[in-house]
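This report refers to the structure that appears directly beneath it.
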Amino acid sequence: DLNDYNVFGIDVSQYQANINWDKLFENHQLDFVIVRATMGENKTDSKFTKNWKALKNLKVIKGAYHYYRPDENSSLQAKNFIKNVKLEKGDLPPVLDIEKYSRVQSINSLKNGLLNWLTIIEKHYETTPILYTYNKFYVSTIKTDSRFDKYPVWIAWYNINGDPNTIVNEWIFWQFTEKGLLEGIEANVDINAFNGKTQDLEGLRVK
């Protein structure tokens with residue numbers, strides 16, 4: 001349960017509109033922030049540049065994620081992320097967010113696309129990317145395929161009394177709510193626990 005963890009962060013996108021970062025950090029202890037950068041082959045989150053710059057100035061541990069569109073080309077999706085995200089030493093590894101099944105290709109073909117994205121990204125940034133998905137998708141699609149074993153998992157599971165270890169053996173982040181209310185953000189926001197201590201989070205950062 002949540003009491004077992006004490007390192008927390010949020011993830012945001014354009015859906016949180018204009019965030020008052022100063023107010024947010026004055027009122028809340030956040031250890032990391034992960035922002036949506038890109039979606040599919042050619043879309044950029046409209047608040048990404050602004051959020052990324054703000055976090056850089058605040059010197060908080062930051063990371064970026066790509067929203068994967070299962071009916072679009074995986075190589076072009078990887079290129080879209082690379083074009084928009086310049087990671088620096090101390091940032092979190094890139095994150096692949098997969099939440100939907102494809103309408104046009106088989107599960108196997110979708111998985112090959114995900115692995116292709118992860119491979120291209122790993123080669124470019126020279127760090128192992130993180131895979132984000134929700135509990136049911138993870139159990140049915142990812143967990144049973146050993147090709148994904150090397151990627152750290154960020155699990156979305158809105159059961160604050162649950163134990164994510166029952167779903168993922170070695171999860172790294174647990175998004176336990178999408179309805180967080182924090183001063184400085186006018187919309188609801190996703191809140192995440194990190195599986196470890198502050199120094200473990202340090203170890204995850206890009207060298």
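The values are calculated or read from the model by the stated rules, or taken from the named source; none is laboratory data. The shown structure was predicted, so the numbers you read here are calculated from the model rather than taken from an experiment. Heads up, the Cβs are rebuilt from the backbone with ideal geometry, glycines too, and the neighbour counts pull from every protein chain shown. Ligands, DNA and RNA are excluded from the accessible area calculation, which covers all protein heavy atoms including side chains. Shrake-Rupley method; radii C 1.70, N 1.55, O 1.52, S 1.80 Å.
K79: which lysines have alpha carbons under 25 Å from its alpha carbon, excluding same-chain residues fewer than 8 sequence positions away? Of all the lysines, those that pass the test against K79 - Cα under 25 Å, at least 8 places apart if same chain - are K43, K47, K50, K53, K56, K62, K89, K100, K111, K123, K150, K207. What the Cα convex hull of the stretch 95-190 gives, in volume per residue, is 130 Å³. Neighbours of G90 by Cβ distance under 11 Å: Lys/Arg scored +1, Asp/Glu scored -1, total +3. According to the calculation over all Cα-Cα pairs in the stretch 32-90, the P(r) per 5 Å bin from zero is 4, 20, 30, 21, 14, 7, 3, 0 %. Think of the chain as a dipole: +1 on every Lys or Arg Cβ, -1 on every Asp or Glu Cβ, centred on the Cα centre; then among I160, L76, M39, L76 lies furthest on the positive end. For the chain, the fraction of C-alpha pairs farther apart than 27 angstrom is 26 percent. Placing unit charges on each Cβ (+1 for Lys and Arg, -1 for Asp and Glu) gives the chain a dipole about its Cα centre, and among I10, W117, A64 the Cα reaching farthest toward its positive end belongs to W117. Quick check: the distance between the Cα centres of the stretch 53-78 and the stretch 1-48, to the nearest angstrom? Result: 12 Å between the Cα centres.
Its DSSP H runs of at least 4 residues, each contributing -39,500 (n - 2.57), put the calculated 222 nm mean residue ellipticity of the chain at -8000 deg cm²/dmol, to the nearest 500. Using θ = phi - 60° and the Karplus form 6.51 cos²θ - 1.76 cosθ + 1.60, what ³J(HN,Hα) does each residue of the stretch 133-144 get, whole Hz, x for Gly and Pro? Karplus values, whole Hz, x for Gly and Pro: 7, 9, 3, 5, 5, 4, 5, 7, 10, 9, 4, 7. If the Kirkwood radius is taken over C-alpha pairs of the stretch 1-109, then at 25 °C and 0.890 mPa s the Stokes-Einstein diffusion coefficient equals 162 µm²/s. Measuring with a 1.4 angstrom probe and ignoring ligands and nucleic acids, I82 comes out at about 30 Å² accessible. When nucleic acids and ligands are ignored and a 1.4 Å probe is applied, K86 ends up with an accessible area of around 130 Å². Surface analysis of the stretch 1-92 yields an accessible area of 49 Å² per residue, using protein heavy atoms and a 1.4 Å probe. Peptides 128-137, 31-40 ordered by packing proxy, namely the average of other Cβ atoms within 10 Å per residue, highest first: 31-40, 128-137.
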